[in-house]
Each structure stands twice: as structure tokens, then as C-alpha cells.
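Read the structure below first, then the notes.
The values are calculated or read from the model by the stated rules, or taken from the named source; none is laboratory data. Here the structure is a predicted model, which means the values were calculated and not measured. Note that each Cβ is placed from the backbone with ideal geometry, even for glycine, and that neighbours are counted across all protein chains shown.
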Amino acid sequence: MTSKQASVLLNDGSIGVPDNDLVCVVELKGLRVVASNPAVPPEKRVAQFAKTYLVLDAQSGNALLEGHS
């Protein structure tokens with residue numbers, strides 16, 4: 001899909017590339033637990049997300065954007 005189409009899919013968030021560039025949107029569903037910096041108190045180290053999405057450049061495969069909800 002184009003970057004513009006991906007932007008609409010992701011509630012009009014900016015993808016950071018021209019509107020006609022091709023991108024791939026990957027949506028991961030299910031509980032994802034992310035641990036943060038060990039300097040943070042233990043009770044605040046973990047974030048949980050039900051859905052994560054990645055936007056990749058369709059030509060290079062480079063990650064352009066990551067988000068959680």
C-alpha cells in the first residue's frame with residue numbers, strides 16, 4: 001500500500017515518507033510485554049500492549065514507524 005493509505009489506516013498518523021512511497025503495515029495482536037531501563041523502579045519497568053503495529057519501507061524493509069495500543 002502507499003504511505004498515504006497506511007496513514008489513513010493508522011488514524012492519519014504521519015509515516016514520514018512521501019505519500020506515494022510503498023510501505024508494508026504489520027499488525028501484531030496479543031499481549032506484548034516490554035521491559036524498560038533497569039534504572040527505572042521495578043513496578044514501572046513493564047509496559048503491556050494488546051496491539052502493536054510496524055510500518056516498513058516496501059523496498060528496503062527498513063522500519064519506518066512502530067506504535068502500540
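Tally time: how many residues in the range 16-69 are small (Gly, Ala, Ser), part of a loop (DSSP other than H, G, I, E, B) and modelled with pLDDT under 90? Going through the range 16-69 one residue at a time, the tally reaches 3. Checking each residue in the range 53-63 for being touching a helix residue (DSSP H, G or I) at 6+ places or on another chain (Cβ under 7 Å) and free of Cβ contacts under 8 Å to residues at least 24 places away in the same chain picks out no residue at all.
Okay, residues lined up against (1) free of Cβ contacts under 8 Å to residues at least 24 places away in the same chain; (2) on the phi < 0 side of the Ramachandran plot:
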{"residue": "Gln5", "(1), (2)": "yes, yes"}
{"residue": "Asp12", "(1), (2)": "yes, no"}
{"residue": "Leu22", "(1), (2)": "no, yes"}
{"residue": "Val25", "(1), (2)": "no, yes"}
{"residue": "Lys44", "(1), (2)": "yes, yes"}
{"residue": "Lys51", "(1), (2)": "no, yes"}
{"residue": "Gly67", "(1), (2)": "no, yes"}
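Selection over the range 28-59 of residues that are surrounded by 11 or more Cβ atoms within 10 Å (Cβ to Cβ) and within 26 Å of Ser7 (Cα to Cα) gives a count of 14.
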